[in-house]
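The next block holds one structure in the form of structure tokens; read it before the comments.
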Amino acid sequence: MAAVEHPGSVEQSPPPAAAVVADPAPLGLAGFGITTLVLSVFNAKILNGAGEPVVFGLAIAYGGGAQLLAGMWEFRNNNTFGATAFTSYGAFWISFWFLTHFDAANIGGDAGNAIGLYLVAWGIFTTYMFIASLGTSGAVATIFFLLAVTFYFLGIGEWAASTTTSKIGGYIGLATAGAALYTSFAVVTNSTFKRTVLPTWPISRPLGKASFVR
């Protein structure tokens, strides 16, 4: 006599395993850090401003394009903080490129107020991202704190037409770039060696987690 199959007895196939995706954070941090470093050298007046166009290629390709891609991959990794940060600052660098190439010439005599508003608005975004970063790591929180201060100094420098204030913002930008590049170096090195070689000082997360922003 043949066995009777019941609907509930049919074996269900297990769901497919999620594909393993490499941590995009070192790429995003490097794109941000290198571009910030080069621009900050000119903001701090360390080099003559005539060389500033060297920043534009970095802004559109590495700080903008590569960082934007890192943000998209962070969405794939289900990392809300990393996705928001890298996508936003990638878009910042692309908008910076458009500002310098197309928009600034049309602003006219009110450029100081307009660019100051632009920079302070990014400072506000960075401030609440700094608060969110307090749930990630000390290295990341340091980047966001320094970056917020950088934006405020540069924005106020534009508003007040103060070269000194803008130069201070440039030097703080150099510190921001240093913190970002250190964190990129630490994360990619720790991932490669499969152990903690360089600390990132995790906040409220297990040391064994792979990504510095989780």
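Values for this structure:
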quantity: Members of the range 73-87 that are under 14 Å from the mean Cα position of the chain (by Cα), assigned to a helix (DSSP H, G or I) and touching a residue at least 40 places away in the same chain (Cβ under 8 Å); calculated: W73, E74, F81, G82, T84, A85, F86
quantity: Filter pass, A91 being under 14 Å from the mean Cα position of the chain (by Cα), surrounded by 19 or more Cβ atoms within 10 Å (Cβ to Cβ) and at pLDDT 95 or above; calculated: no
quantity: Residue that is surrounded by 22 or more Cβ atoms within 10 Å (Cβ to Cβ), polar (S, T, N, Q) and modelled with pLDDT of 95 or more, where the choices are T84, T150; calculated: T150
quantity: Sole residue being over 22 Å from G157 (Cβ atoms) and either more than 13 Å from the chain's Cα centre (by Cα) or not charged (D, E, K, R) (or both), chosen from L134, L119, L99; calculated: L134
quantity: Options A70, A111: the member that is part of a helix (DSSP H, G or I), out of contact with any strand residue (DSSP E or B) (no Cβ under 9 Å at 6 or more places or on another chain) and either more than 30 Å from P202 (Cβ to Cβ) or open to solvent by 80 Å² or more (accessible area, probe 1.4 Å) (or both); calculated: A111
quantity: Residue list for the range 176-205, restricted to those being touching a Leu at 6+ places or on another chain (Cβ under 7 Å), within 24 Å of V149 (Cβ to Cβ), surrounded by fewer than 18 Cβ atoms within 10 Å (Cβ to Cβ) and at pLDDT 95 or above; calculated: F185
quantity: Failed condition for V21, given (1) in a helix (DSSP H, G or I); (2) open to solvent by 40 Å² or more (accessible area, probe 1.4 Å); calculated: (1)
quantity: Scan of the range 47-67 for residues that are in contact (Cβ under 8 Å) with a residue 40 or more places away in the chain and surrounded by fewer than 22 Cβ atoms within 10 Å (Cβ to Cβ), ordered by number; calculated: F56
quantity: Residue in the range 131-143 that is at pLDDT below 95, surrounded by fewer than 17 Cβ atoms within 10 Å (Cβ to Cβ) and part of a loop (DSSP other than H, G, I, E, B) present; calculated: no
quantity: Residue match in the range 157-171 (condition: part of a helix (DSSP H, G or I), touching a Ser or Thr at 6+ places or on another chain (Cβ under 6 Å) and farther than 21 Å from N48 by Cα); calculated: no
quantity: Selection count, the range 116-130, where residues are open to solvent by 40 Å² or more (accessible area, probe 1.4 Å) and of a type outside the set (S, T, N, Q); calculated: 7
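Here is a yes/no grid of residues against (1) among the β-branched types (V, I, T); (2) without any contact (Cβ under 8 Å) to a residue 40 or more places away in the chain:
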residue	(1), (2)
I115	yes, no
Y128	no, yes
A132	no, no
G138	no, no
I143	yes, no
L146	no, yes
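The values are calculated or read from the model by the stated rules, or taken from the named source; none is laboratory data. Source: prediction; values computed, not measured. Ideal geometry is used to build each Cβ from the backbone, glycine not excepted, and the neighbour counts take in all protein chains shown. For the accessible areas, the whole protein counts, side chains as well, though only heavy atoms, and no ligand, DNA or RNA atoms are used. Shrake-Rupley method; radii C 1.70, N 1.55, O 1.52, S 1.80 Å.
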